Amino acid sequence: MAMEGLPSAEVLTASRQLFSELRILFVELSASSPSATLSGQNDLLIRYAREYLAHMHLCAAELQKLLGAGGEDIVSEANTAEIRAEMRRVQWAACIWELALIMFLRRPGVLGEMLLLWWQRYWCDDKAETLLQEMLSDPSEQDVEQHPMFWPAIRMLISQGMPERALALLSTHSRLGDSMQDAASIGGDGSADAVLSQLQVLLESFPRLKDPALLEPQPEDAASMAEGVISAFQLGWTVWKNDVKRLLEAAESQQTSAEMAQVVAVARLLNGDDEAIAEATGGSWHGVLIARLLLQQPTRPRWEVAALLPADGSNDPSVRAILALLRDDPFCAVECLREGYGDGWLVAHLWDLLWRAGVVNLNMPNRCLDSRQFFMLQYSKALGQCSSLWQLSFEYASDLLDPRQPCEEAREWIVQLLTRHGRHPTHAIKTRKLLRCCERHGLVEAARDILSAWELSQRAKRAHAHADAPPVDDAPPIELLLTGDE
């Protein structure tokens, strides 16, 4: 939540828990990893990054629950749009956070499979899976292959990195019996049935590069990657690709059949044809990227993925941030996030995490505070806009008052925050909390202002109470009160 304006009560209730949990994790992380100079802390940072991510998903689920309760008059209709917008913002934040975790903390040598899981979680269209379920569950469908979306669904599932689901759908073809699977071979007789069986075998043997050695953090040096793993995969990949080409030739020789034309389209996709990929993915840049990594260049190193990205940008700052992360540019990514989210919790905590991982430096020319302090202070000020979050705001600003290098801007903000909340005291408990905060940082003048405001408020209350009391002349004589006579 950027907090550019005061949120509704429903949104604030759902978001307050996220802010509190992020604060708890931030304190724990700061104690476990006090600086970016500690070695061997990458696993620790990954663990905390996942915990941050989990709470983002929980917040989005709570907001989704509020939307579901809208029909029960629990949420006013006027706030439904705001809740939905905030839910989408948190979902986008989780998407961006997880990609940053992959690119800057986990840093796999080959990005394809890990990026595929991220993409399937956040961006993958479930249309193909829905079609698959419909075709498999409809008892009236005797020949499933006659469904107009049978072959398009297979191509979509392949392009989305789900060849096993495409195989499940293809296996329902009436001309693919169990006996044919044993007889199928890539060097078959070229008949239509043999071509279908060959396609089935190719989907069953679809090569995937999932070796754990390639999921470990890798420097930007192709020579340092697991060469044996890559070489073995490339050998199997070459054999599989040759089989795909033979299938394509066999299917093209029978293209007089409408079904064979569909098989040709699938074979071209498996062969990595650019037009087939664009058609199967709908042309979206992210869908094309995933399909090219799976079907054309599965061994492409992480640091060379940027060459596959579109040159033109996007009007959506969240999309631009994702493109910047894929280009290994955290500075551009954060600038895009500031444009879309303001200087709120996402920017502050992401920058802090990247600093601890040694990914970014903190230099800010002509400023007395570094970039991490700046983002934390800005987040503190954003929290301070909500009266119920002033204590969180105070804690984040207090973190910047390190005795070794105190931040004067943070001190000035704390004074402003405490005096603003003490200007119109509502309860003695809050006033005592404000005074304890002043005592914690030796803010004598701020404490005097808060006490003065409290004293004035108490005088006003006593004067108001005295004005509401009945006049003395209207009171009965004391003798009558004692005797009970009237």
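Which of the following residues is without any contact (Cβ under 8 Å) to a residue 24 or more places away in the chain and assigned to a helix (DSSP H, G or I): I154, I102?
I102
In the set E304, E339, E249, which member is charged (D, E, K, R) and in contact with a Pro (Cβ under 7 Å, 6 or more places away or on another chain)?
E339
Under the condition of being among the small types (G, A, S) and at pLDDT below 90, which residue from segment 38-71 is surrounded by the most Cβ atoms within 10 Å (Cβ to Cβ)?
G70
Here is a check on your reading of the model: is A410 small (G, A, S) and in contact with a Ser or Thr (Cβ under 6 Å, 6 or more places away or on another chain)?
no
Which members of segment 444-477 meet the condition of being farther than 15 Å from R432 by Cβ, at pLDDT 90 or above and open to solvent by less than 80 Å² (accessible area, probe 1.4 Å)?
Listed by number, the list holds a single entry, S452.
Is one or more of the residues making up segment 231-248 out of contact with any Asp or Glu (no Cβ under 8 Å at 6 or more places or on another chain), open to solvent by 40 Å² or more (accessible area, probe 1.4 Å) and of a type in the set (V, I, T)?
Scanning segment 231-248 turns up at least one residue that is out of contact with any Asp or Glu (no Cβ under 8 Å at 6 or more places or on another chain), open to solvent by 40 Å² or more (accessible area, probe 1.4 Å) and of a type in the set (V, I, T).
Which condition from (1) in the same structural domain as H55 (by the TED database); (2) out of contact with any Pro (no Cβ under 7 Å at 6 or more places or on another chain); (3) open to solvent by less than 40 Å² (accessible area, probe 1.4 Å) is the one that L392 breaks?
(1)
What residue, of W355, W351, is of a type outside the set (D, E, K, R) and buried (at least 21 other Cβ atoms within 10 Å of the Cβ)?
W351
Which numbered condition in (1) open to solvent by 60 Å² or more (accessible area, probe 1.4 Å); (2) modelled with pLDDT of 95 or more is the only one that L157 fails?
It is condition (1) that L157 fails.
Listed here are the residues, each with its yes/no results for (1) assigned to a helix (DSSP H, G or I); (2) on the phi < 0 side of the Ramachandran plot.
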site	(1), (2)
A265	yes, yes
G272	no, no
A280	yes, yes
R292	yes, yes
Q297	no, yes
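Can you say whether Q385 is in contact with a Lys or Arg (Cβ under 9 Å, 6 or more places away or on another chain), open to solvent by 80 Å² or more (accessible area, probe 1.4 Å) and under 19 Å from H349 (Cβ atoms), as far as the supplied structure shows?
no
Can you pull out every residue in segment 193-230 that is among the charged types (D, E, K, R), surrounded by 16 or more Cβ atoms within 10 Å (Cβ to Cβ) and either assigned to a helix (DSSP H, G or I) or modelled with pLDDT of 95 or more (or both)?
D193
Starting from segment 392-404, keep only residues that are under 16 Å from L443 (Cα atoms), then list their pairs with residues that are open to solvent by 10 Å² or more (accessible area, probe 1.4 Å) and part of a loop (DSSP other than H, G, I, E, B) whose Cβ atoms are within a distance under 9 Å, requiring at least 6 positions of separation or different chains.
L400/P406
Condition check: crowded, with 17+ Cβ neighbours inside 10 Å, in a loop (DSSP other than H, G, I, E, B) and out of contact with any Cys (no Cβ under 8 Å at 6 or more places or on another chain). Does V360 satisfy that?
Yes; evaluated as a whole, the condition is true for this residue.
How about segment 242-255: which of its residues are more than 43 Å from the chain's Cα centre (by Cα) and over 18 Å from R175 (Cα atoms)?
E249, E252, S253
I'm told E304 meets every condition in (1) in contact (Cβ under 8 Å) with a residue 24 or more places away in the chain; (2) open to solvent by 10 Å² or more (accessible area, probe 1.4 Å); (3) closer than 27 Å to L354 by Cα except one. Can you identify the failing condition by its number?
Only one criterion in (1) in contact (Cβ under 8 Å) with a residue 24 or more places away in the chain; (2) open to solvent by 10 Å² or more (accessible area, probe 1.4 Å); (3) closer than 27 Å to L354 by Cα is unmet by E304, namely (1).
List, please: which pairs have Cβ atoms under 6 Å, are six or more places apart or on different chains, and start with a residue in segment 43-69 that is in contact (Cβ under 8 Å) with a residue 24 or more places away in the chain and end with one that is β-branched (V, I, T)?
M56/V90; C59/V90; A60/V90; L63/I83; L66/V75; L66/I83
The values are calculated or read from the model by the stated rules, or taken from the named source; none is laboratory data. The structure presented is a predicted model; accordingly, all values stated were derived computationally and were not measured. All Cβ positions, glycine included, derive from the backbone under ideal geometry; neighbour counts span all protein chains shown. Surface accessibility is based on the protein's heavy atoms, side chains included, excluding ligands, DNA and RNA. Shrake-Rupley method; radii C 1.70, N 1.55, O 1.52, S 1.80 Å.
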